[in-house]
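The values are calculated or read from the model by the stated rules, or taken from the named source; none is laboratory data. All figures in this text were calculated on a predicted structure; none of them were measured in a lab. Every residue, glycine among them, receives a Cβ derived from its backbone with ideal geometry; neighbour counts consider all protein chains shown. Just the protein is used for accessible areas: all its heavy atoms, side chains included, with ligands, DNA and RNA removed. Shrake-Rupley method; radii C 1.70, N 1.55, O 1.52, S 1.80 Å.
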Amino acid sequence: MSPRKTAAKVATKGFPTAEDALEIASEWAPAQLIDSEEIGLRLNRMMADGHAGPGMAPPGPAATAAHLAAAGLGEAAWHAPTAAAAPMPAPMETEQLRSLVTRLVRASQRVRKDHRQLSTAERDRYNEVLRQLATTPAYKQLIADHQDMSHRHHTMPGMGPEATQRFLPWHRAYCLKFEELLRTVDPALTIPYWDYANDHARPDWVWKPTGVSRPTPATSGLPTQATIDGLLTRPTFTAFTFGRVMAGVQPNGLEVAAHNNVHNWCGGTLSHPMESSNDPIFFLLHSNVDRIWDQWQLTHTGGPNVTGADAGLDPWWTPAAGGLTTDSVKDITVLGYSYQ
C-alpha cells in the first residue's frame with residue numbers, strides 16, 4: 001500500500017483496534033513477525049536442558065541476537081551491531097544450531113490458538129473430529145485415564161504433596177496425548193485454548209456429548225488477567241503451581257486460582273473431578289493452563305520436585321518400559337508445539 005493511501009486510510013479511522021492491528025501485521029514480512037527475544041529464551045532453555053549437545057553453553061541474549069541477525073531473522077536483523085562495533089560471538093556448532101532451529105520451526109507449525117480466532121469452518125472441523133473419535137476405544141480410554149485418580153494428578157485428599165508437583169506436567173502430557181489422537185484423523189488439528197481471564201464466555205460451541213451437563217455458569221469466580229500476571233511473577237515452581245508452603249500455607253497458585261476456580265465457575269460436568277474430562281471443553285481449559293505454565297517457564301528455571309516413580313507420568317510411563325516423565329515434558333518446543 002502506498003504512503004498516500006495509507007495516510008488516507010488512517011485519516012478515516014480512529015486509533016487501531018486489536019482487529020486492526022492484526023490486519024496490519026498480516027502485511028509485514030515474515031522476518032518482522034519473529035520475536036527474537038522469545039526465540040532467544042527458548043533456545044537458551046533447550047540448551048540448558050541438554051538439547052544442544054555436550055560442551056555447548058547457552059548463549060547470552062547478545063549472542064543469540066547476533067546469530068539471529070546473521071541469519072536475517074527478527075529484530076536482531078534490523079538492529080544488529082556492525083563488525084566494527086562489536087565482535088561476533090564464537091560460532092555455534094552447525095549441527096547443534098540446525099537441531100535447535102528445526103525444533104523451533106516445527107513447534108511454530110503446530111500452533112494452539114485462542115478459540116476465538118477459529119473460523120466457523122475450523123470449529124466445525126474440530127467438532128466433526130471429536131464426534132468421529134468419541135466412540136473409539138482410544139478416546140474412551142483417554143477420558144478414563146483422567147478419571148483414574150491413582151495417577152495422582154491433582155491436589156486432592158490422600159494423594160500427597162507429589163500430586164501437587166505432578167499436576168502441571170501430567171496434564172501437559174494428557175493434552176498432548178489428546179491432541180495426538182485428534183491428529184490421527186486430521187494432522188492439521190491442534191487443541192484451541194480458552195483464555196478465561198479475558199474471555200468470560202464458556203466456549204459452548206464445542207461439541208457436547210450425550211450426558212454432559214452445561215448449566216449457566218456462576219456470576220463470579222473466574223480469574224482476572226491481574227491474577228495471571230501475579231502468578232507469572234512467582235519465584236519458584238511450587239509457589240507458582242500451588243502457593244506458599246512455608247511460614248503459613250497459602251494455596252493460591254495456578255492450580256487453585258486459575259484452574260479449580262474455572263472448573264467450579266463452569267458448573268455441571270466440568271465441576272466434577274471424576275467427570276470433567278467427559279466434556280471436551282475440558283481440553284480448551286487445560287490448554288490454557290498449559291499456556292500459562294509455558295509463559296512462566298520462559299523466565300523461570302524451576303520445575304516439579306519429584307524423583308523416581310513419582311516423576312513417571314503414568315499411564316504413559318511404567319517402571320519397566322519407561323515413558324513420559326516430568327522432565328521429558330518440561331519444554332513445549334521440544335514436544336513440538338507452540339501457542340499463538
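Rounded to the nearest Hz, the phi-derived 3J(HN,Hα) couplings of region 133-147 under the Karplus curve 6.51 cos²θ - 1.76 cosθ + 1.60 (θ = phi - 60°) are 7, 4, 9, 7, x, 5, 5, 4, 5, 5, 5, 5, 4, 6, 6, where x marks glycine and proline.
When only Cα pairs under 8 Å and 6 or more residues apart are kept, what is the percent relative contact order across region 105-202?
Working: 58 pairs, mean separation 36.7, N = 98.
Contact order relative to length: 37 percent.
Relative contact order for region 231-340: 18 percent, from Cα pairs under 8 Å spaced at least 6 residues apart, divided by residue count.
Measure off, as a whole percent, the carbon and sulfur share of the 1.4 Å-probe accessible area of region 257-340, all protein chains present.
So the carbon and sulfur contribution to the accessible surface is 51 percent.
Using a 1.4 Å probe, what is the accessible area per residue for region 256-318, in Å²?
Working: 2040 Å² over 63 residues.
So region 256-318 comes to 32 Å² accessible per residue, rounded to a whole number.
Amide H contacts under 5 Å for Thr224: none, restricted to partners 5 or more places along the chain or on a different chain, H placed in the peptide plane at 1.01 Å from N.
Lys and Arg at +1, Asp and Glu at -1: add these up for the other residues within a Cβ distance under 15 Å of Gly160 and post the number. Intermediate results must be reported in sequence, preceding the final value.
Values: positive: Arg152, Arg166; negative: Glu162, Glu255, Asp310, Asp314.
Local net charge: -2.
If you count, for each residue, the other Cβ atoms within 10 Å and average over each peptide, how do 263-271, 133-141 line up from highest to lowest?
Numbers: 263-271: 19.9, 133-141: 12.7.
With the highest mean Cβ count within 10 Å placed first, the list reads 263-271, 133-141.
Considering only His115, Thr155, Val129, and ranking their Cα positions along the charge dipole of region 104-180 that arises from unit charges at the beta-carbon of Lys, Arg, Asp and Glu, the one farthest toward the positive end is His115. For Arg112, the amide hydrogen comes within under 5 Å of the amide hydrogens of Ser338, Tyr339, Gln340, counting only partners 5 or more places away or on other chains and with H modelled in the peptide plane.
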